[in-house]
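Following: one structure in structure tokens, then a few remarks.
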Amino acid sequence: MNSNAASSSTANPDAAGSPDPPAPRRSSKRPKYSKFTQQELPACKPILTPKWVILTFLVVGIAFVPIGITSLLASRDVVEIVDRYETDCIPVANRTDKVAFIQSNASKTCTRQITVTKHMKRPVYVYYQLDNFYQNHRRYVKSRNDEQLKKRSKTSETSQCEPEDTTPDGKPIVPCGLIAWSLFNDTYTFSRNKRQLTVNKNGIAWKSDRDHKFGKEVFPSNFQNGTLIGGAHLDESIPLSKQEDLIVWMRTAALPTFRKLYGKIEVDLEENDIIDVILENNYNTYSFSGKKKLVLSTTSWLGGKNDFLGIAYLTVGGLCFFLALSFTIVYLVKPRRLGDPSYLSWNRNPGGH
Amino acid sequence: MPSSLIEIVQYKTVKRWSTLPLLFNRNKKTPRLMVEPANEKSQHKRPSELLVYCTTAMSVNGFLGAVKHCSPFGKQCLWSLITPVNPASTWGPLIFIFAVSATKEAWDDYNRYLSDKKANEKEVWVVKQGIKKLIQSQDIRVGNIVWLRENDEVPCDLVLIGTSDPQGVCYVEGVIECPGPDKDIRRFDGNLRNETKLGMTRGIPEPKLTAVDAMIDKLTGAIFVFQIVVVIVLGTAGNVWKDTEARKVSLDLVKSLYAKFIDWDYEMIDPETDTPSHATNTAISEDLAQVEYILTDKTGTLTENRMIFRRCCIGGIFYGNETGDALKDVGLLNAITSGSPDVIRFLTVMAVCNTVIPAKSKAGAILYKAQSQDEEALVHAAAQLHMVLVNKNASILEIKFNGSVLQYEILETLEFTSDRKRMSVVVKDCHSGNISLLSKGADEAILPYAHAGQQTRTFVEAVEQYSQLGLRTLCLAWREVEEDEYQEWSLMFKEASSTLIDREWRIAEVCQRLEHDLKVLGVTAIEDRLQDGVPETIETLRKAGINFWMLTGDKQNTAIQIALSCNFISPEPKGQLLSIDGKTEDEVCRSLERVLLTMRITTSEPKDVAFVVDGWALEIALKHYRKAFTELAILSRTAICCRVTPSQKAQLVELLKSCDYRTLAIGDGGNDVRMIQKADIGVGISGREGLQAARAADYSIGSLSGTSLFNSVSLMAYNVFYTSIPVLVSTIDKDLSEGTVMQHPQILFYCQAGRLLNPSTFAGWFGRSLFHAIVAFVISIHVYAYEKSEMEEVSMVALSGCIWLQAFVVALETNSFTVFQHLAIWGNLVAFYIINWIFSAIPSSGMYTIMFRLCSQPSYWITMFLIVAAGMGPIVALKYFRYTYRASKINILQQAERMGGPILSLGTIEPQPRAIEKDVAPLSITQPRSRSPVYEPLLSDSPNTRRSFGSGTPFDFFQSPSRLSSIYSRNCKDN
């Protein structure tokens, strides 16, 4: 700025006196003081010292390996028998065109024999497993109406249920939607040594669903009446809250491979027992190459047979040990002082950047 | 009516200037309701928002045909069935983002509105039909007659019709042109067509985007492309865009908080006036740390624009060398009481040879009105040395000396021009009738005209000595003029004054005929005090790798001296100052090439090379040799641009911006407004030169106190790195303490290139989040497989996994844990569970009982621990490894700080005591004893009789018609 033009008409009030008078203090403009606004809150500032990092990895390793072993043992305790049947239950002659067979009126009854490999403590859970069945498909998942399922007054509430919302003449389908329409309808009957094994189908669905999601006064109507039959038919005299197979099915699975509870066998199964299964192979998974499996399984505190947790815990624990060890070795072999300002590049090379 | 009253009468007002063309002040009658829609519109312009918008739109529309699920059902292209998520969940966040952004902008606008309102509602006296009426300044209309009193703010462009001053003179501070009503009325008239200094210097402010914003915009673009690729290639939906939006929202809030912290900061209050700093633009604080170029104004920014008479040399005797204040020098006081003729003559010149107008205040004290701070300082000093300028009435001047009143008649005033570099008055002693010529001016303009017998060596030494101390020097001289010599000369002078062609040159020639055979009386030294801590601040900032450019309307020599005294340029032999000058294109070209060559050679050497360029050469360089000049700008860490016009200042800012540098402009005057608006970050100093700059600026600071600006703000800004995880509390995270940063200012260099948020950093974060997403997803679906594969449960497991991971990531990246951090990190985690439990208790909700169910399963908790360990293990290991073995500079300092080790590697940088206040000597320590030939002696160009008050060069044309055309055309080109 040009000082000769720099202007000032502000003559100092004490003109003949000091040329720089003190400016008046106006402390009112000062913002209120607090440790927060001044960013001076007491703080703990941890840093990653070798001691802490190695110790942490060590502790995690020590904690994870036992958990892993326990989980693995729990999973190994579970006895699980899986029988894949979708091809075997089609007569050899019909295997060239399975879809045509499954859509025909021919008898679909099929017998399977299962050998119990290990003593199975009751209750033995019976599951059906579907592979390559995308219950998580976005259109499929949404194709239901929870209001209709819950309240009798909302029977005609079929929005979101397309294409299975109403019959061609406009009557509402209860339960509407693709999920209910595609209800699984294979049935299993078990017998051991010619004596029937009762399969308890009560209480296979979540209690919360039975009590609050599916109405006691909502009865199926117009269900599976169309030309295209998706799956099981429902007994129109039983309210939805008692249709536990439906309730189980309506809890959609997150993955294309899933198991759903079919029932419980409430007796122990001995090793080498031969279980005869009479199976109605009704459900069409052939048009999308889906697999069907019958699963008998016991359970543990961790759930069914699943080695993943145990192996993952052992792996992570092992890696933690490994990291702790290697950090220790590196630390001992090549110690490096933390916070040495001589490592700062500008201190090494003055003037350089 | 007291004599201090000034009456300005206005016959025409031009639109009230406003430096911020934002909603409220563009049209002060804009209804408040206009804010939201207008804001929403302008918000949309930002690519980031648009892309978020597009991405969302894409997520709605883009899945058509891209999804290849194996489905047993017939194809049905019903629109509502196509989107993977509920429309509300897609549009909801989008609307929320706009709401948050718009609210923030609205709040900013509202605050601007308030400050504008304050300006608009200022009360002004208006004379209507002979009656003075008080109205609001916004109601002033063209044709109103405004009555202003002393020290009133000038509310709009005014034409001076009359003043209470007998000579019809009024002095206006700062920015508005107001020549006397005598000669230049036409030019002023033209000037009113929005060509006031503000009008001309004001550009159209561009919306400012910070580096972070720009980067987010780019990255959002990248994410957008990435999402399209994901959609097309994988065909499976990801909720990635949700994360992006969340980050943008929290960044916006974080920025507002940063800005608030600037307002709150105690260390940024000017202790003298207690004016706190204020951040006008809340959106750009994080850019403060990425600044690479600081362009600063000189007067009022680096210096206080408050001149103080410090030393003098009279007749070869130095006064004030011991005490640092000549006014207290016993020798001088004794000489005055003993009536030493030289000293008295010296004081007389000080008191008489000027254009200062004395005025009596109500209390009886004498106030001085001066256009030039130097003159004011001299008159004040003379008054303190008992030579009091009492009254100036028409051509009679009264001086009180030791009780007696001396009267002089001013016969002629030989005005100051920048070519003559001196001013003189011809006065007649009313008592004795003797006519004498009193002159003051730059040494080179006075000493060569000394009469033959006088030895000027001591004066040359004095000038040398003073200018090395950074003081502005003036030489005072006089000679007696015979009556007939005066009469003869007077005729010539009158003739020259009335010529129309080359008047300035002819006057100069005539003046020269009188100004010879001078008896040099002595040298005065005036201090233009540097602002507190300026040298230390500049030193620190330069160490931090920030390049400094000083843009000033000042003269080259003065600028160089100031630059030297505030560590702006290093003295020889460490530094080298190259000069680009020349009047013609060829000269400038050659000079530029020479400098560029030198610059290229010396870049490898650890030498501070700076260049000096004046406005004229700069104009040519920018116009014809832009490429070369740009290269020079990049090579040179320091530059001094003298005699630059406001529009050139803005051009320079643009030049640097065009090379992708982050610029920060500091200024206080109206002529800095445009530069401040152009720069990435503008800092206005609400100091003595008015508030225009402060209103235009994004940050206004009570007074430049760079050190505090540095530590507090940059630290906060720097932390933006860690706010990539959307947690607001990270604003109060500190990675380094102020002390550490002050000791290692170079650390900021690290932030400059935007290293802390750049594509690779972002890629790192992106990679990390991808890794975490994979960990959480893979573990969830494998543990919750088969009979547990229930949709609600699996999604909740994966979500809890992400929340756990996020908490640990934030914890790992947080440097200092205060209550707020703990609350934010762990409170967040607890809140997640509480909220989900509440939802799980509502029967109608989709996730009824899910959370209770999960929390009662051992496998859920085991899964969480697994996700945390698997997700954090590699991150911690990698971080530890880099922290210890590939430590960044910040890490090293953190370690040093926390270990309490010695970190004082650079020595403490305590602000030096204000050097000149007590004695100039300490300052001289940092100054060179030997000056290079490049450094010319300081030229003080204080004497000046101009009536225009522009503090920049463009208004030289009021006095110097010969330069009018060139400067005028210069400005025209810019506008």
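The values are calculated or read from the model by the stated rules, or taken from the named source; none is laboratory data. Bear in mind that the values here come from a model prediction, so they are computed numbers and not experimental data. Backbone-built Cβ (ideal geometry, glycine too); neighbour counts: all protein chains shown. What goes into the accessible areas is simple: the full protein's heavy atoms, side chains included, and nothing from ligands, DNA or RNA. Shrake-Rupley method; radii C 1.70, N 1.55, O 1.52, S 1.80 Å.
Which fully enclosed helices (runs of 4 or more DSSP H) of the stretch B:295-410 have 3 or more residues being free of Cβ contacts under 8 Å to residues at least 24 places away in the same chain and over 30 Å from residue B:637 (Cβ atoms)?
Helices (runs of 4 or more DSSP H) meeting the threshold: B:330-337.
Can you tell me how many residues within the stretch B:318-345 are farther than 30 Å from residue B:531 by Cα, at pLDDT 85 or above and of a type in the set (A, V, I, L, M, F, W, C)?
2
Could you tell me which residue of the stretch B:446-459 is most open to solvent (accessible area, probe 1.4 Å), considering only residues that are under 20 Å from residue B:347 (Cα atoms) and part of a helix (DSSP H, G or I)?
Going through the qualifying residues, I end up with B:458.
Out of all the residues in the stretch A:265-294, which are part of a loop (DSSP other than H, G, I, E, B), in contact with an Asp or Glu (Cβ under 8 Å, 6 or more places away or on another chain) and open to solvent by 40 Å² or more (accessible area, probe 1.4 Å)?
Of everything in the stretch A:265-294, just one residue is part of a loop (DSSP other than H, G, I, E, B), in contact with an Asp or Glu (Cβ under 8 Å, 6 or more places away or on another chain) and open to solvent by 40 Å² or more (accessible area, probe 1.4 Å), namely A:282.
Give me the pairs: first residue in the stretch A:306-334 and touching a residue at least 60 places away in the same chain (Cβ under 8 Å), second residue outside any helix (DSSP H, G or I) and aliphatic (A, V, I, L, M), beta-carbon distance under 9 Å, and six or more apart or on different chains, which are they?
A:306/A:78; A:306/B:785; A:309/A:302; A:310/A:302
Of everything in the stretch B:850-893, what is at pLDDT 90 or above and outside any helix (DSSP H, G or I)? Give them in sequence order.
Matches in the stretch B:850-893: B:856, B:857.
Please count how many residues of the stretch B:342-381 are facing chain A (nearest Cβ under 7 Å), in contact with a helix residue (DSSP H, G or I) (Cβ under 8 Å, 6 or more places away or on another chain) and open to solvent by 10 Å² or more (accessible area, probe 1.4 Å).
Matching residues across the stretch B:342-381 total 1.
Please state which of the following conditions residue B:820 fails to meet, knowing it meets all the rest: (1) buried (at least 17 other Cβ atoms within 10 Å of the Cβ); (2) within 30 Å of residue A:127 (Cβ to Cβ); (3) within 14 Å of another protein chain (Cβ to nearest Cβ); (4) within 48 Å of the chain's Cα centre (by Cα).
Result: residue B:820 fails condition (2) only.
Residues A:340, A:273, A:307: which one is farther than 30 Å from residue B:871 by Cα and at pLDDT 90 or above?
None of the others qualify; the one that does is A:273.
Starting from the stretch A:133-144, keep only residues that are touching a residue at least 60 places away in the same chain (Cβ under 8 Å), then list their pairs with residues that are part of a helix (DSSP H, G or I) whose Cβ atoms are within a distance under 6 Å, requiring at least 6 positions of separation or different chains.
Going by the 6 Å Cβ cut-off, the qualifying pairs are A:140/A:178; A:144/A:179.
Answer yes or no: is there a residue in the stretch B:435-448 that is over 28 Å from residue B:318 (Cβ atoms) and touching a strand residue (DSSP E or B) at 6+ places or on another chain (Cβ under 6 Å).
yes
Give the residue that is nearest to the other protein chains (Cβ to nearest Cβ), with candidates limited to residues of the stretch A:226-280 that are without any contact (Cβ under 8 Å) to a residue 24 or more places away in the chain and over 27 Å from residue A:211 (Cα atoms).
The residue in question is A:228.
Only one of A:88, A:83 is open to solvent by 30 Å² or more (accessible area, probe 1.4 Å) and in contact (Cβ under 8 Å) with a residue 12 or more places away in the chain. Can you tell me which?
A:88
From the list B:475, B:430, which one is open to solvent by 10 Å² or more (accessible area, probe 1.4 Å) and touching a strand residue (DSSP E or B) at 6+ places or on another chain (Cβ under 9 Å)?
None of the other options fit; the residue is B:430.
Here are the criteria: (1) assigned to a loop (DSSP other than H, G, I, E, B); (2) open to solvent by 30 Å² or more (accessible area, probe 1.4 Å). Tell me which single one residue B:416 does not satisfy.
The number of the failed condition is (2).
Would you pick out the residues in the stretch A:181-223 that are acidic (Asp, Glu), open to solvent by 60 Å² or more (accessible area, probe 1.4 Å) and within 13 Å of chain B (Cβ to nearest Cβ)?
A:211
Working carefully through the options A:45, A:35, find the one that is within 14 Å of another protein chain (Cβ to nearest Cβ), loosely packed, with under 13 Cβ neighbours inside 10 Å and at pLDDT below 90.
A:35
Among the aliphatic types (A, V, I, L, M) and over 19 Å from residue B:510 (Cα atoms): is that true of residue B:435 in this structure?
no
I want to confirm something. Restricting to the stretch B:850-890 and keeping residues that are without any contact (Cβ under 8 Å) to a residue 60 or more places away in the chain, of a type in the set (S, T, N, Q) and surrounded by fewer than 20 Cβ atoms within 10 Å (Cβ to Cβ), which single residue is farthest from the other protein chains (Cβ to nearest Cβ)?
B:856
For residue A:132, only one of the following conditions fails: (1) at positive phi; (2) more than 14 Å from chain B (Cβ to nearest Cβ). What is its number?
(2)
Where residues in the stretch A:132-166 are outside any helix (DSSP H, G or I) and of a type in the set (D, E, K, R), which of them is farthest from residue A:241 (Cα to Cα)?
Only one residue fits best here, namely A:162.
What residue, among those in the stretch B:300-330 that are of a type in the set (Lys, Arg) and closer than 16 Å to residue B:350 by Cβ, is nearest to the other protein chains (Cβ to nearest Cβ)?
The extreme case among them is B:310.
Just for the stretch A:295-321: of the residues that are aromatic (Phe, Trp, Tyr) and at the interface with chain B (Cβ under 10 Å from one of its Cβ atoms), which one is surrounded by the most Cβ atoms within 10 Å (Cβ to Cβ)?
Checked the stretch A:295-321; the qualifying residue surrounded by the most Cβ atoms within 10 Å (Cβ to Cβ) is A:313.
From the list B:467, B:497, B:490, pick out the single residue that is part of a helix (DSSP H, G or I) and at pLDDT 85 or above.
B:490
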